[in-house]
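For reference, the structure is listed below as structure tokens.
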Amino acid sequence: MYDVTSKCADDFINHEEILETLAYADENCRNIKMIDALIEKAKLRKGLSHRESSVLLACDIPEKNEEIFRLAEQIKKDFYGNRIVMFAPLYLSNYCVNGCTYCPYHLKNKHIARKQLTQEDIRREVIALQDMGHKRLALEAGEDPVRNTMEYYLECIKTIYSIKHKNGAIRRVNINIAATTVDNYRLLKEAGIGTYILFQETYHKESYLALHPTGPKHDYNYHTEAMDRAMEGGIDDVGLGVLFGLDKYRYEFAGLLMHAEHLEAAVGVGPHTISVPRLKRADDIDPDQFDNGIDDDIFAKLVACIRISVPYTGMIISTRESQKTRERVLHLGISQISGASRTSVGGYCEPEPEDEKSEQFDVSDTRTLDEVVRWLMEMDYIPSFCTACYREGRTGDRFMSLCKSGQIQNCCHPNALMTLKEYLMDYASPATKAIGDKLIEREVLNVPNPKARAVVLENLRLIEQDNRRDFRF
Ligand code: SAM
């Protein structure tokens, strides 16, 4: 039985409810009266239910789709302005005991090089990341209870936060590791992680069981209920995601929104972010062997529908996507992107030798961080290296209240400008710096509160003239 507040995955991601939702969407996808009413409802910026959004996702009327895209763009502007938060993944280990059929880390893959970073390796990698200008990392690892222990992760996090190289610092560490226990989530929280990220891969239980035939990840319910445990352990910023390409995208979309509704209903806080990865070619993995790949048009529609359904949830797109695809969807609702990523275990400090490749998947956007930052600014986005919310305790529902209070423009906007200024001073090429300085000059005028604006101007001066760093609201 579908029960949004139940703690059991089979109830809050109820298969029958998803099938009924898809049938309802099929029935109504050309019902103009209903579609108009749903678009009007979405304009209130309070989101839509999984049933409502599924109707819009299924709608194939070009003019209505245009309206959906326009609304997504407007909501993105209202909630996130033109800021795009930057991050990089750091792969700690690709040892894995699972049998995931789409992932090159699967246990039976004998030709991928297996590696685990030592604390000394981490130091070198983090210095390389700091020297690019990164301030925010997403730690990634395979699941191996013997090698990749919680003690190992905690030590890695401590090492990363301790490294201060020149003006560099990693100020927020997010982590994407296998589902674990409430006690372990509590330890991660105490270690100072930002967001706990775990992709569902697929919400379709039967497919999930087939795609994860062996290893601890085979347990669908344990995996799907991980965010409830994470929140019980005190982590209130959690990141959801589906690996698009594994099962039918409309099923996944409904499941994803049901998961968000469940967290809101059962714990009182929705997901902090949603990621939208698509399956990629990788060592031992041919994406063409999976039948459910989605094209760029559907991908854009998914991003737009997620944006209008959960306006307060950040949306992340990685370097799995090309510059062209990223350009197409950024304005539809993306708030965070990675740049200059390596999906190998190590590889930031120096490239991996050809015969020792450990990558998780092929990266499509291979530009440097400087190029990505310049590209964003040329499109009038503000690349932001801000990590203030979590460091000021604005996580979970406190972050949501900031969004709802309309104070974002007096808070996030200045933080974006000040952290961009740091980046320009410390890491940017002269061409990037020239564009950035002009952008900051223009954008500072968009801080509505005159007092806040004066503080920002003074801080920008201190960053430039006194080499001061880490100002935040
Ligand atoms: N071990 C963790 C777990 O059990 O969830 C996850 C960490 S894994 C390094 C990060 C994510 O990469 C996975 O959750 C999966 O969605 C994604 N991934 C795996 N294989 C992929 C592929 N071939 N193409 C794109 N993304 C992939």
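Here are the numbers for the structure shown:
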read-out: Every residue from region 211-221 that is under 13 Å from ILE13 (Cβ atoms) and either surrounded by fewer than 16 Cβ atoms within 10 Å (Cβ to Cβ) or within 11 Å of the ligand (Cβ to nearest atom) (or both); value: ASN221
read-out: In region 190-204, the residues that are surrounded by 18 or more Cβ atoms within 10 Å (Cβ to Cβ), of a type outside the set (A, V, I, L, M) and out of contact with any strand residue (DSSP E or B) (no Cβ under 6 Å at 6 or more places or on another chain); value: GLU201, THR202, TYR203, HIS204
read-out: All helices (runs of 4 or more DSSP H) inside region 8-47 with 2 or more residues being among the hydroxyl-bearing types (Ser, Thr, Tyr); value: 15-28
read-out: Qualifying residue in region 297-306 (condition: within 16 Å of the ligand (Cβ to nearest atom) and open to solvent by less than 10 Å² (accessible area, probe 1.4 Å)); value: yes
read-out: Output for region 93-107, where each listed residue is aromatic (Phe, Trp, Tyr) and open to solvent by 10 Å² or more (accessible area, probe 1.4 Å); value: TYR95, TYR102
read-out: Residues within region 113-131 that are out of contact with any strand residue (DSSP E or B) (no Cβ under 9 Å at 6 or more places or on another chain) and of a type in the set (A, V, I, L, M, F, W, C), tallied; value: 3
read-out: Subset of region 308-336 (residues that are away from the ligand (no atom under 16 Å from the Cβ) and basic (Lys, Arg)); value: LYS324, ARG328
read-out: Test for GLY270: is it closer than 20 Å to TYR390 by Cβ and crowded, with 22+ Cβ neighbours inside 10 Å; value: yes
read-out: Scope region 140-164; condition in contact with a helix residue (DSSP H, G or I) (Cβ under 7 Å, 6 or more places away or on another chain), without any contact (Cβ under 8 Å) to a residue 60 or more places away in the chain and over 27 Å from SER429 (Cβ atoms); matching residues; value: MET150, LEU154, GLU155, THR159
read-out: Looking only at region 172-210, and only at residues there that are near the ligand (Cβ under 10 Å from one of its atoms) and in contact with an Asp or Glu (Cβ under 7 Å, 6 or more places away or on another chain), the one that is nearest to CYS389 (Cα to Cα); value: ASN176
read-out: The one condition in (1) in contact (Cβ under 8 Å) with a residue 40 or more places away in the chain; (2) at negative phi; (3) not acidic (Asp, Glu) that ARG326 fails to fulfil; value: (1)
read-out: Residue in region 73-88 that is of a type outside the set (A, V, I, L, M), surrounded by fewer than 17 Cβ atoms within 10 Å (Cβ to Cβ), modelled with pLDDT of 95 or more and in contact with a helix residue (DSSP H, G or I) (Cβ under 7 Å, 6 or more places away or on another chain) present; value: no
read-out: Matching residues, region 34-84, being of a type in the set (S, T, N, Q) and without any contact (Cβ under 8 Å) to a residue 60 or more places away in the chain; value: GLN74
read-out: Close pairs (9 angstrom Cβ cut-off, 6 or more residues apart or separate chains): under 14 Å from SER364 (Cα atoms) and without any contact (Cβ under 8 Å) to a residue 40 or more places away in the chain in region 276-296, open to solvent by less than 50 Å² (accessible area, probe 1.4 Å) and near the ligand (Cβ under 9 Å from one of its atoms) anywhere; value: none
read-out: Filter result (under 17 Å from GLN130 (Cβ atoms) and either without any contact (Cβ under 8 Å) to a residue 12 or more places away in the chain or in contact with a strand residue (DSSP E or B) (Cβ under 9 Å, 6 or more places away or on another chain) (or both)) within region 355-383; value: LEU369, VAL372, VAL373, PRO383
read-out: Qualifying residue in region 345-354 (condition: in contact (Cβ under 8 Å) with a residue 60 or more places away in the chain, buried (at least 19 other Cβ atoms within 10 Å of the Cβ) and either over 14 Å from ALA88 (Cα atoms) or of a type in the set (Val, Ile, Thr) (or both)); value: yes
read-out: Residue within region 248-259 that is more than 15 Å from the ligand (Cβ to nearest atom), among the basic types (Lys, Arg) and open to solvent by less than 30 Å² (accessible area, probe 1.4 Å) present; value: no
read-out: Answer residue from region 267-288, given it is more than 11 Å from the ligand (Cβ to nearest atom) and not hydrophobic (A, V, I, L, M, F, W, C) and is nearest to the chain's Cα centre (by Cα) among those; value: THR273
read-out: Selection within region 117-127 - within 16 Å of SER358 (Cβ to Cβ) and crowded, with 20+ Cβ neighbours inside 10 Å; value: LEU117, ILE122, GLU125
read-out: Candidates HIS50, HIS106, HIS111 - the one that is more than 16 Å from the ligand (Cβ to nearest atom) and not aromatic (Phe, Trp, Tyr); value: HIS50
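The values are calculated or read from the model by the stated rules, or taken from the named source; none is laboratory data. On a predicted model such as this, the values are computed, not experimentally measured, just so you know. All Cβ positions, glycine included, derive from the backbone under ideal geometry; neighbour counts span all protein chains shown. The protein model used for the area step is the full one, side chains on, heavy atoms only, and it has no ligands, DNA or RNA in it. Shrake-Rupley method; radii C 1.70, N 1.55, O 1.52, S 1.80 Å.
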